[in-house]
Structures are given as structure tokens and as C-alpha cells.
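The values are calculated or read from the model by the stated rules, or taken from the named source; none is laboratory data. Since the model is a prediction, treat every value here as computed from it, not as a measurement. Backbone-built Cβ (ideal geometry, glycine too); neighbour counts: all protein chains shown. Note: accessible area is taken over every heavy atom of the protein model, side chains too, but ligands, DNA and RNA are not part of it. Shrake-Rupley method; radii C 1.70, N 1.55, O 1.52, S 1.80 Å.
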Amino acid sequence: MLSLLPQLLVSGIAIGMLYALIGLSMTILYRATTVVNFGHGDLVMAGAYMVLIFTIHVSLPFIPALLLSLAALFGFGYLLHRAFIWPIIAGPHLSLAMMAIAIGYAVRGLVRLEYGSEMAKMPRPFEEQFFFAYNTVMTLDEITFCVVVVVMLIASYFVFSKTRFGRIVQAMFQTQRGAALVGINVRLYNNLIWGVGCALGALGGVMLGLILVLDPDAGVWTLLRGFAAMTLGGFGSLYGAVIGGLIIGVLEKVLGTYVSTAFIDITCYLVIIVVLLVRPRGLFGQHATLRI
Amino acid sequence: MKPTRSLFWLLPLAALALPLFINPYHQYVINLILVYVLVGVGFNIVVGNLGQLAFSNVAFFGIGAYASAIFTTQLGIPWWLTIIPAGLAGALAGCAASIPALRGVRLFYLAIMTLAFGELMRWTYIRTPFLTGGSMGLTVPPAELFGWVLETETQKFYVFLVIVVVIVVAVGRILESRIGRAFLAIKNDERAAAAMAIPTGRYFLLAFALSGFVVGVGGAMYAALVGHLSPEAFDLVQLILHFAIIMVGGLGSLVGSIFGAILITATPELFRDWPGFEELMFGIVIVLVILFLPRGLASLLARLHPVFKDRYLRDD
Amino acid sequence: MRAIRTTFQTATVAVVLAAASGLATAEERGVTDTTIKIGNIGPFTGKAAIFNPLNYGSVAYMRYVNDLGGVYGRKFEIVLGDTACAEAKGIAAAKKMVHDEKVFMITVNPCSGVAMAAKPTFLQEGMIWSGVSANPKITGSVGSGGDGPPPEYMFHVTPNGYFSGVTMGKFIMTKPGAKKIALVAHTNDWARGYCDPAKDYIESQGGEVVLDTAMERGSTDATAQVLRIKSEGVDGVLGCLYQPELVVLLRDAHKYQLGAPVIGALGADFGQVVQQVGNPDAVNGVFFQGHLYKDKIGAPALEWAKQILLKYLTPDELPNEGDPTHFYYFGMMNGVGVVEGFRRAGRDLTRESYMAAIESMRSFDNNISAGSVTITDDQHVGISDMYFNGLDENGDEVIFTAYGQPLH
């Protein structure tokens, strides 16, 4: 059984890349606005469905469909923040959480109206291929995941630490009020960040669409994986979310294979609970609990 | 204020005559509303009154329901004797859910953690088939009250009504007391409350336990009403239903919980002929309420007549 | 004054007489000289909405019969009811059918949890129920997954989960030398409704279920399941899974070169699964699935059913893309059986005459299913047999009666 370990690591890391991307997109939202988007999972799925609509119903090739889908989700994220989150940003946190949940739920309902009674599969941009090495196998999909996520991570690192936009966002993470005082258009930047976060999530959804038959309910599942990655990595930490996602991906495989397949589905819940009880700041995050 | 409030007693009194005018289908929906009144009232204690983002309500509900069902099926205890134990099981779950809060986990962290707790409970129902029937679900024998079997919806209604009135009145008293004021103080400013020598930890525990108890009793009623428990019934869709009740009804408002339960449970039944739109409508309604009626239906009713105002809420 | 009283008395007498005469000619609930009211309940919303083609398949056949003039001049008046596949909402749908709509019978009802929760209501009200939900506890009696006599007014004119599961077990056990079998199942009542009877059957035949693994809905891969199964070296895998996860299982079984056939339950459409796996090597000669019908979907023998589906369903009720999936035919199988009951019951339609008609079915050929329908007073599950479909080396669909034994 131990000989399976390299394979588990490889496929665990590959699927972990997906969790990492979703965690990363949620972290970006959180960093800018300190709001956690509880409806993120449904928007991730919406990204995959948009590609389906653009390729099947509008008959576009895959790449333009992908770009249009990301643009659509960027616009949706922008509007979502502008029209629904910003007006209540000063209100109780519960309202913010519920707003996101309600919008996600409505999106899910909309998807289900059209695709509820059938199983749709997103068209593939390339044929599935297998690569064998040292007794392990990897698919082209999995390699794609790794490349996309690494590129996205480098890009976010660059944007957040090297550009003016990134520094402004960093400033807003420290204090929105202070940022407003020095003349930053906080609302605009928050809108943009929500757009970017949703587009990045949608990219995760499209990657999910490569390996899965689309399901309007997959959003909840996605959301919890993203949360777990974020929690383990530490809220607000970009590379923390990525490392967290990878660890959870591997942990699911290892627990599922060596302990019981019953544990696959609760790995992320256990991670969330253990981390928040034992080390609430996660691996790389900042203070997370209230001390009185 | 005092004399007009006694008018509230007309509500259950009028309800007593209700079964004469309606058929068992409508009676069933009303019974379901009574279950969700307790769900809303209990949930609102932690979320609305204590002001904590705790998403563990479905776990309390499920634990109450399964506790009642397991006591009846495994130990042969009549249903009415399982009501209190089901509430206590819920209260115990409430205490467990308050541990992270006691350790200083707040806001989104608490939300995510309690969400994970709820999902973990659902997994537990699946993985303990010797108690819960596992994935196949657990069929509960008809509820029994002092040897009297609750077969019809009307019989269930009268029993449920008594339970709900007792609990709602008790919760109202608690919220109006020093305890309720301490909850509100913590909600408004936890540090200030602690500075005023309010033992916040103790009140956290109390609020979660009370919430768990009330929702757990609701769970026992659910078991008696529906008669078949399956783990899938206690998923995140159920959580959204609970949220809708308190959001639409009004956060922190006892009156709101009641009207929220009525509205959220009954409306989908009225719109049965347009299936498919439910999720979309639900989402849109909650969005609209948050944007335009942030204190829910309760604030609207309070404007209509002061009798609907919760006395423990300030006039802001 | 006296005149008024007389008038009043006369009126009272008239009302009483009218009421009495009404009673005298009172017909069965939900039945008039020209209509029969049918409650068709199922998941029109919620996470199990993928199963509502079962409802529409049944609807299509009844609309077709209506078009031919109905049964004994009575046309079907179909009332749809949403259960969302949730117990609390499902009971409300059932009670609305019984007390508000006052239907003659309730039909289709996918989702075992809802059927189990509403069963006491049906029994209490003497409501006729003909559904497709898998749980053997709904209509099963000794020999069909239950443990007593069948419920008085409830029956399947299709197989239930018990027979579907047993048939899956039979199929894999006819593979020469088959002994060690693994299960991959969702943790819900639907999946256990198939996999548990299959497991019992395999063990009763001297086989061994060496692994019973879980795969949750929404799983992105089956690495852990497949690698564990592979290390056990099994002769076959039963996948009690819905379509998305069955696709994932097949893909990973190929990826990790599992080298054992995978047999899917009825929760997926064979043609769509093959298409969505998207890799002939992963399915040809490896993937088999329970097949309820007398021939391939799309074969000439089933063309009549397809024509009815296309003609009598609206574009909203049909899939957005492609031909009707197997669930539509499954639903229609239920519709044909239910209508046959009305044909046999004759003009004097009552609950009793209808049930007597249903219980008179012996090897009734519904022209659609692999097995014929036999219902007796102590056996209320009509169909106990099915075929399997798979792909040969060239990727052509083949119907099998047992492992390696093609139908044609």
C-alpha cells in the first residue's frame, strides 16, 4: 500500500491546485474588503456554465468562450459588490454573509431553471492524455491545473506587491477608512477586486468543468474546499491559501486510501475545525481571535 | 403597552379553532410552520440577540430530531417523553458549538467553523447506521402522548401548539430579563460588556445552549411530524431556510421569528404551481429584505402597531 | 309565518334529497365520467431535479392516451406536484394531492425518502400509489426486499431498487470466475437501495464484497477508491452512483488501469455517460449498465416511445440538447403500466376494481421493458428482470442478458 504514496501525492497536489485557485480567489476578495463571500461557490460554477453557454449556444471556440466567461464573471463580481455589498458594508456582518449566500442561491436557481433536469458537460479544449513516470500517472488536465495555478499565483504576487493597484489594495486591507482619507476611491477599488476575485473563481470553475459533469449544486462543495484552504493557510495570505489547498488535496487522498473513503468528504471540515481550535491564524495568517 | 400585549394570547386561542375550517393538507403546513417557529426563535437567540455568526442551527435541529427518533425507536420511550431529552441533546450540541466562540473565534471564522460542524453532523448521521439508520433514513413510529397516539394532523397540531406557546413565552421572558439584556450588550459591544463586568463567556454558553434547546425541541416535533428522517434533510439548503426565516422575520425579534416562519414556510406552498422558481425567488427576497428592510418584517409590523414591538429591543 | 316555515322545510328536504342523491351516484375520488385525476409528484426543484424526466415520461404517455380518446371515455387530468426531493415538502405535496386536488392516484414519485415519509399518509387515506422510487421498503414484500405483505394500494409497475440491485449482482456473478467484488456508492438512500440488495445477492452466491467504498456527490476524482480497489485485485466493481460521479469513476478506473469491469446502477444515462467519459478505451468492454428496456434506446423496437415523447412533451419538458434520455423511457414504463390498470379495471372504476386489475397482471408486455409485468396480491413489484448494456471493442452498443451473452 505504501507504494501508492507517490501517486497519491501527485494526484492530491493536482486536485489541490484547484482548491488552491478557489481559495486564492476568495482570499483576494477578503484581502481587499475583509468580507468573506459565502456565495463564491455558486459563482465558480456559474463560470463553467458560462463557457457551456458560449460554446454550445453561441457556438464560439473554447478560448473566446473562456475569455468571455471570465469577463462576464468579472462584470458580475463588480456589479455584485457595487449594487449589493457596498450599500450594506457598514451593516452587521450577518447581512453581508447572507447577502452573498442569497445571491449565490439565486444564481444556482437560475442555472437550475435551464440545466436542472439534464447533465451537461462542458466541451473540452483538448483531448485527455496520460503521462506515465516512475509508477505514477498524470493527466494533461492535471498538468494544466498546475500550470494555471502557478501562473495565477505569480501574477497575483506581482500585482499585489509591485503595482500601484496592488499597493492601494494592500492599504485598503490595513484600513479602509485610512485609504479613503488619503484620497483613494475605495468603492471603485473594491468593485474591481470583487470583479477580479469572481473572474479568478470562474477560472477555477472552468477547470472543474474539464473533469466534471456540470452540476448546479457543486458550488457548495467548492465553497467548503475554498474555505478549508483559506483557513489552513491563514485568512488573507495568498500563498497560504495555495499551500492550504495543496495540503488538503493530498490529505483527502491519503486519508481516503489509507483510512477510509468515508473520510474524503470530511477532510476539509476536520481541517477547518482543528485549525480554528488549535491555531486559528492558520499557517501564515495574522491574528484571528478576539481576546478579552 | 401591557394590556394590548395580552391580545397576543388571542393568536393561539384563535388557532385552537383553526382545525375546524381546514383540511389535513393545510393543517400539515400549519404544523410545519409551528416546527419552524421554534427553529426561528432558537436561531434568533444566537444570531439576532447575541449577534454571533453561528451557522450550526441545522446541527441542533438534526440532533434534536435524531435524538427523539433514536429514543423512540431504540429505547421504546414514548414520543412525549423524548421532547425534553431532544431539547437537552440540542443544548449539548449548542454548548459544543460555543466552544470556538469561547476561545475567541468570531465573525467569519465562527461562521465557517459552525458550518463545518453542521456538515460533520450530517456525516455522523450517515456513518452511525446502528443508531440513525444511516443513508437509508430512520422511520419513526407515530408519536405517542400519554398512551394516546397522534395519528391525525389535528392531534399533532394541538400538542405542537401547546409546546410552541410554552417555549415562545418562556424565551420571551428570558429575553426581557437581565439575561436578554446581557445578550444585547454583548451584541452591541462585546468589549464594553466585558468591561461592565458582564461575564460574557457564561452568556455565550447560555445563549448557545438555550438556542440548542429550543431548536432541539423543534427537531423532536419535526421527527413526529415528518416521520422519516434522512441525513440529506439536514443539509445546507435547510440552513438557508433557517436563515431566510430570521432575516425576513427580523433579526433579534421574537415576533419576527414567528412571522418569518409563517411566511417562509407557507409561501412556497402558495406558489406550488410554478415549480423551479423557488430558489431564485428565495434568493431575491432575501436580497431585497437586506437592502430595503434590514430589520425584517418585524420592523414593518412594529410600525403598523406598537403591539408587535419586542419590548427588549431598543427604539432605534 | 307558517308559509315561510313550510317553504323552509321544503327547502331543507330538497337539500337533503339532493345531497342523498349526490351520495347515491357519488363516484370514486378523482373520477368522473369524463376524467381521471392523477397526481404526478417529483423533484421539479432542488438538487434531485435531474430525475424529473421520470415524471415527464409518464405525463407523455398519458397525454398520448388522452389524444386517442382516453380510457373508457375518461381522459387523464394530470396535476404536477413538486417534492424537491425533501421529506417535509414531499409530504405537503402528497397531502395536497389527497386533500386539495382529491386525485384518484399518485404516481411516479422519484426520491425514496419522500415516498417513505409520505407512505403513512397514503396508507391512512387508502391512496393508490404507483411510483418508481428505489427503496425496497416502499412496496416490497417477502421476495422483493420487504419483510411482510405488500401495502394494500401501493405498487411498482417497474422494478424497485431490490430487483435492480439483485440484477446487478447476478450480472457480475455470471462473469466466469467472479468472486471478489467491490462497491462504490453514494451515501444516500438511493445508492444503498441498489447496492445493499446487490451485496446480499453476491454473498448469497458465494461471492465476496471485499470493499464497500463511499463516493460523495460532487467528487472530482476517485483516486482513493480506485487505488484501494486495485490493490484488492477484484473481479468487478458495482457503481451505485449518479451520472457525474459514474463518469469520474470510469475515467479514473481507466487512468489507474483498474482492469475490472464497472457496472453502473440506473442513476445515469448510458449513452451520455459514454459520451461524457469521452475516451473509448475507458468504456469499451469495461463499462456495463443496468438496462430496463427490451432493446437499445433509439432502436426500432422503441421508436414508438420516442415518437410519443417528442410529440407530447413541450420543449421545456424535453432536454435542451439531444434525444430523450433513459429516464424518460423509465417514466413512460410507469405510465404504460398505470394506464393498463385502467384498461383492465373497466368502466366501473373504483379503487378496488383498479387494484384488482393491477393484481391481475401476469406477464403483461408493456412493449418497452426488458422484463414483463407480473403483479399478484402478495407481490406488488411488477418487474424483476432487466438487461445490461455495454460497448464492444468497436464501441458499438450491445445489449446483454448476462455477462458476455449478447441479446441478439
Peptide B:45-52: average number of partner chain Cβ atoms within 10 Å per residue?
-> 1
Given C-alpha coordinates of the range A:1-102, what is the ratio Rg to Rh with the Kirkwood estimate of Rh?
-> 1.10
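Rank these by accessible area, largest first, 1.4 Å probe: B:Leu270, C:Leu241.
Most to least solvent-accessible, the answer reads B:Leu270, C:Leu241.
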What residues of the range A:230-255 lose no less than 30 Å² of accessible area with every protein chain in place versus their chain by itself (probe 1.4 Å, heavy atoms only)?
-> A:Phe235, A:Lys253
Largest-first principal axis extents of the Cα set of the range B:96-190 (Å) = 49, 37, 17
So for the pair B:Ile22, A:Thr144, with labels modelled 7 Å out along Cα→Cβ, what separation do we get in nm?
-> 5.3 nm
Would you mind counting up the charge near C:Ala191? Only other residues with Cβ under 12 Å from its Cβ, with Lys and Arg at +1 and Asp and Glu at -1.
-> -3
Give the accessible area for B:Ser177 in Å² (nearest 10); use a 1.4 Å probe, count only protein heavy atoms, and leave out ligands, DNA and RNA.
-> 40 Å²
Relative to the Cα centre, what is the charge dipole magnitude of chain C, using +1 at the beta carbon of each Lys and Arg, -1 at the beta carbon of each Asp and Glu, and rounding to the nearest 20 debye?
-> 1040 debye
Antiparallel content of DSSP bridges confined to chain C, in %, to 5 = 30 percent
For chains C and A, what's the summed buried accessible area, probe 1.4 Å, to the nearest 100 square angstrom?
-> 3100 Å²
What is the Cα radius of gyration of the range C:121-233 over 2.2 N^0.38 Å, N being its residue count?
-> 1.24
Would you compute, from DSSP H runs of 4+ residues alone, the mean residue ellipticity of the protein assembly as shown at 222 nm, taking -39500 (n - 2.57) per run and dividing by the full residue count, rounded to the nearest 500?
-> -19000 deg cm²/dmol
Could you state how much accessible area A:Phe165 has, in square angstrom rounded to the nearest 10, with a 1.4 Å probe and all protein chains kept in place?
-> 60 Å²
Drop in accessible area of at least 30 Å² in the complex versus isolated chain, residues of the range C:76-120, 1.4 Å probe | C:Asp82, C:Glu87, C:Ala88, C:Lys89, C:Ile91, C:Ala92, C:Lys95, C:Lys96, C:His99, C:Asp100, C:Met116
Computed Rg/Rh of the range C:226-353, alpha carbon atoms with Kirkwood Rh | 1.11
If you count, for every residue in C:250-262, the Cβ atoms of partner chains within 10 Å of its Cβ, what is the mean?
-> 2
For chain C, just the Cα set please: Rg and Dmax, both in angstrom.
-> 23.6, 98
What accessible surface, in Å², does a 1.4 Å probe find on C:Arg343, ignoring ligands, DNA and RNA and rounding to the nearest 10?
-> 100 Å²
Using alpha carbons only, what's the Rg to Rh ratio of chain A with Rh from Kirkwood?
-> 0.97
In terms of Cα to Cα distance under 26 Å, which lysines are near enough to B:Lys309, apart from those fewer than 8 places away along the same chain?
-> B:Lys2, B:Lys187
Show which aspartates and glutamates lie in cross-link reach of C:Lys179 when reach means a straight Cα distance below 20 angstrom and same-chain residues fewer than eight apart are skipped.
-> C:Asp196, C:Asp200, C:Glu203, C:Glu208, C:Asp212, C:Glu232, C:Asp235
If one computes the Cα centroid of the range A:124-152 and of the range C:140-178, what distance in Å separates the two points?
-> 43 Å
Give the Cα extents of the protein assembly as shown along the principal axes, in whole Å, largest first.
-> 93, 85, 54
With each label point set 7 Å from Cα along the Cα-Cβ vector, what nm distance links A:Ala133 and C:Thr376?
-> 6.5 nm
With a 1.4 Å probe and every protein chain kept in, tell me what percent of the accessible surface of the protein assembly as shown is carbon plus sulfur.
-> 63 percent
Report Rg (one decimal) and Dmax (nearest whole number) for the range A:135-191, counting Cα atoms only, units Å.
-> 17.4, 59
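Sort B:59-68, B:154-163 by the packing proxy (mean of other Cβ within 10 Å over each peptide's residues), most packed first.
B:59-68, B:154-163
Among the GluC sites (Glu not before Pro) in the range C:248-327, which ones are in a DSSP loop with at most 14 other Cβ atoms within 10 Å of the Cβ? Mind listing them?
Passing both the DSSP loop test and the Cβ count: C:Glu321.
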Spread of Cα-to-Cα distances over 10 Å intervals beginning at zero, given as percent, for the range C:28-177 | 12, 38, 33, 14, 3, 1
Given a Förster distance of 35 angstrom, what is the FRET efficiency for A:Ser161 paired with B:Ala266, based on the Cβ-Cβ distance and rounded to 0.05?
-> 0.05
About the Cα centre of the protein assembly as shown, how large is the charge dipole given +1 on each Lys and Arg Cβ and -1 on each Asp and Glu Cβ? Please answer in debye to the nearest 20.
-> 4040 debye
Accessible surface buried upon B-A contact (total; probe 1.4 Å; Å², nearest 100) = 4200 Å²
Peptide B:245-257 - average C-beta neighbours from other chains (10 Å radius) | 1
Descending accessible area (1.4 Å probe), largest on the left, turns C:Glu28, A:Glu127 into A:Glu127, C:Glu28
Distribution output for chain B: share of Cα-Cα pairs per 10 Å bin in percent, first bin at 0, values 6, 27, 36, 24, 7, 0
Would you tally the net charge around C:Phe400, using a Cβ to Cβ cut-off of less than 15 Å, leaving C:Phe400 out, and scoring K and R as +1, D and E as -1?
-> -2
With a point put 7 Å past each Cα toward its Cβ, work out how far B:His305 is from C:Glu303 in nm, to one decimal.
-> 7.1 nm
Entries of C:Lys96/C:Lys119; C:Lys119/C:Lys199; C:Lys230/C:Lys255; C:Lys199/C:Lys255; C:Lys199/C:Lys296 with Cα pairs more than 19 Å apart = C:Lys119/C:Lys199; C:Lys199/C:Lys255; C:Lys199/C:Lys296
From the Cα centre of the range C:302-348 to that of the range B:190-268, the distance in Å is 44 Å
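Can you tell me the length gained on complete extension of the stretch A:Tyr258 to A:Arg187, counting 0.36 nm per residue apart and subtracting the Cα distance?
20.7 nm
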Looking at A:Leu4, B:Leu131, C:Tyr329, which one has the Cα that reaches farthest to the positive end of the dipole of the protein assembly as shown (charges on Cβ: Lys, Arg +1; Asp, Glu -1)?
-> B:Leu131
Starting from the residue with the highest accessible area, list B:Thr114, C:Thr350 in decreasing order, probe 1.4 Å.
-> C:Thr350, B:Thr114
